[in-house]
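This report concerns only the one structure given below.
The values are calculated or read from the model by the stated rules, or taken from the named source; none is laboratory data. Since this is a predicted model, take the numbers as computed values, not measurements. Because the Cβ atoms are built from the backbone with ideal geometry, glycine has one as well, and the counts that use them run over all protein chains shown.
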């Protein structure tokens, strides 16, 4: 079997909507290491793959129409006969550390009837992402890592994602890593319900606005109370706990040990606002000492 055929068949076995240049490099490196594919010897002219070989094989598959450059994403390719896939699946394939968040996660979990105009995704900060990428490469390559790295073969790099097919993306990068769940049978990752509620409090402007968030809390707050309080108590900042405490306690009438404990974090201050994205308004909750800057036209 020639190398191009082995590479083509190997790529076809990848259960994902797109293929990155790094995954292409991994595939070729694996074939060179094994020297066989599906029990059949592969005709190779050298012991180890080099940078020039990667370029040669990639250009060959592009020339033969087996691979096609993705129209929006640099160094990302689609495979002949494979459907484009959903934008959220593509995003989670291209960035192995991102997940769907904010209004997009609310939509996935059935918390909103609004259809997001953009796909919201969250990913680690630049330095954290680079550290994760190196760890993943070491895991993917095992004993081949040093040789692969030294020979300048394609590395796992962050791809700029502003648009996937016809869908615009809103990408958030943060040092605060979110909790997400893997969706069975798909490359998709989505923030957990608890983390989605926390994101509503942190960035209401990315979740439909403060009034929509209050509606969602009213409709689902009691149903998902344990998930909400567990995540906010563990991962929320003091102001997040005060905001959640006000909504759950004063607006929904819920009392429990966790929520009551958050009241000790209440304190006066110009930055202590229910809606973090809106201006201060001189109306307060006496218990939670937070500005109730709720404007109906912000919905």
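For the reader, a short list of remarks on this structure follows.
- Condition met for residue 194 (surrounded by 16 or more Cβ atoms within 10 Å (Cβ to Cβ), under 30 Å from residue 218 (Cα atoms) and touching a strand residue (DSSP E or B) at 6+ places or on another chain (Cβ under 6 Å)): no
- Selection status of residue 211, in contact with a helix residue (DSSP H, G or I) (Cβ under 7 Å, 6 or more places away or on another chain), more than 30 Å from residue 129 (Cβ to Cβ) and either touching a residue at least 24 places away in the same chain (Cβ under 8 Å) or assigned to a helix (DSSP H, G or I) (or both): yes
- Residue selection: residue 193 satisfies the criterion of being at pLDDT 95 or above and either on the phi > 0 side of the Ramachandran plot or touching a helix residue (DSSP H, G or I) at 6+ places or on another chain (Cβ under 9 Å) (or both).
Conditions tested, residue by residue: (1) surrounded by 13 or more Cβ atoms within 10 Å (Cβ to Cβ); (2) part of a loop (DSSP other than H, G, I, E, B); (3) more than 32 Å from the chain's Cα centre (by Cα).
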| residue | (1), (2), (3) |
| --- | --- |
| 219 | no, no, no |
| 228 | yes, no, no |
| 242 | yes, no, no |
| 249 | yes, no, no |
| 253 | no, yes, yes |
| 259 | yes, no, no |
| 275 | yes, yes, no |
| 279 | no, yes, no |
| 287 | yes, yes, yes |
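- Number of the exception - residue 97 against (1) touching a strand residue (DSSP E or B) at 6+ places or on another chain (Cβ under 8 Å); (2) assigned to a helix (DSSP H, G or I): (2)
- Yes/no for residue 91 being under 29 Å from the mean Cα position of the chain (by Cα) and part of a helix (DSSP H, G or I): yes
- Residue that is surrounded by the fewest Cβ atoms within 10 Å (Cβ to Cβ), among those in segment 261-271 that are part of a helix (DSSP H, G or I) and in contact with a helix residue (DSSP H, G or I) (Cβ under 9 Å, 6 or more places away or on another chain): 261
- Of the criteria (1) without any contact (Cβ under 8 Å) to a residue 24 or more places away in the chain; (2) within 18 Å of residue 207 (Cβ to Cβ); (3) not in a loop (DSSP other than H, G, I, E, B), which one residue 122 fails: (1)
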